[in-house]
Each structure stands twice: as structure tokens, then as C-alpha cells.
1. For the range 90-103, does any single residue satisfy the condition of being hydrophobic (A, V, I, L, M, F, W, C), modelled with pLDDT under 95 and touching an Asp or Glu at 6+ places or on another chain (Cβ under 9 Å)?
2. For residues in the range 100-123 being β-branched (Val, Ile, Thr) and under 27 Å from the mean Cα position of the chain (by Cα), which is nearest to Glu139 (Cα to Cα)?
3. Given Gly47, Gly7, which one is surrounded by 10 or more Cβ atoms within 10 Å (Cβ to Cβ) and at pLDDT 50 or above?
4. Mind telling me which of the residues Ala109, Ala105, Ala127 ends up being in contact with a Ser or Thr (Cβ under 8 Å, 6 or more places away or on another chain), in a helix (DSSP H, G or I) and in contact (Cβ under 8 Å) with a residue 12 or more places away in the chain?
5. Test each condition in (1) surrounded by 11 or more Cβ atoms within 10 Å (Cβ to Cβ); (2) out of contact with any strand residue (DSSP E or B) (no Cβ under 8 Å at 6 or more places or on another chain); (3) over 21 Å from Ala138 (Cβ atoms) for Ala97 and report the one that comes out false.
6. With the structure loaded, tell me whether Ala126 is touching a Gly at 6+ places or on another chain (Cβ under 9 Å) and over 17 Å from Ala138 (Cβ atoms) or whether it fails that test.
7. Determine whether the range 62-75 contains at least one residue that is surrounded by fewer than 10 Cβ atoms within 10 Å (Cβ to Cβ) and at pLDDT below 90.
Amino acid sequence: MISRPHGNRAGQSSRTGAVGWLSLSGMATATISMDDALLARIQDAGGKNLSEWIAAACRSKLLIDAARAAREWERTHADEAAAARTQDAVRVLESEAEREIVEHAEQAAHTRGGVGTEPGIVDYLAAYGHVRAQLEQAEQRLREQLGGGH
């Protein structure tokens, strides 16, 4: 709810918004005050529902603060941050390799026996060999790049 008082001492008007958030555990209410120019900017930015706009702005502020804290931690703990990024990259690579093996085995079974044919151990072994060869090639390229681009 937005209400406009009759004015303040300087003869200017201000707006006060009562903003409420309803959750399963209850309801919290806060009263905010803002000048006309700020409210107009919020509404121009698509903030027709002031309560939703403020909630989104708060989430954005919290995410920005968390990103800054993470960046500062990485700056002050460079070795630990590098190790964590490496572990994350390994997990992603392992997941992608597993997905690639399954897809390759399913494609081989489909090619061999038609639609609906389930992959057998031979399909999985061939897929594993294919993915392993791709990983070895990628590892070699990475070593070359890290070694000075030779």
C-alpha cells in the first residue's frame, strides 16, 4: 500500500509504503519511506508491485554480497581456491564422461540392433574406450598449452 502524507516541513511530499511478505511461518511487515523520484524510478523499472521489487532487490543485494565475499576469500586463499576449482572441474569432467559413455553405448546399441535395443557390456566397453581416447587427447592438448603452447 502506498500512501501520500499531506507534506513535510519543507512543503515536499514523501511516500511511505507498507510492505508485507507472507510465508508459511507467518507474516512480516515493514514500513519504508522513499522520495517520489525513487518510487518513480522503481515503477519505471517494472516495479509495479513494490513488495516484489523490494524482495528482488534484497535477494540481488545478498547475492552481490556473497559474490564479493567469495571473491575476497579466493583472493586471500589463492591456493585453496585453485584446489577447489580443480576439484569442481574434475567432478564436472567425470560427470560429462559418464554421460558421454552412456550416450555412446546407447547409440552403438541402436545402430547394432535398432530402436529400443539396450546397450550390452560390449557397447559400454567400446564407449569407455572411445571416451578414454578423447580424454587422453584433451589431456595432451592441455599439457601442450600449459607447457608454452608447443
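1. Scanning the range 90-103 turns up no residue that is hydrophobic (A, V, I, L, M, F, W, C), modelled with pLDDT under 95 and touching an Asp or Glu at 6+ places or on another chain (Cβ under 9 Å).
2. Ile101
3. Gly47
4. None of the other options fit; the residue is Ala109.
5. It is condition (3) that Ala97 fails.
6. no
7. Checked against the condition, which is being surrounded by fewer than 10 Cβ atoms within 10 Å (Cβ to Cβ) and at pLDDT below 90, the range 62-75 yields no hits at all.
The values are calculated or read from the model by the stated rules, or taken from the named source; none is laboratory data. Worth saying up front: this structure is predicted, and the values here are computed from it rather than measured. Positions of Cβ are backbone-derived with ideal geometry, glycine not excepted, and every protein chain shown enters the neighbour counts.
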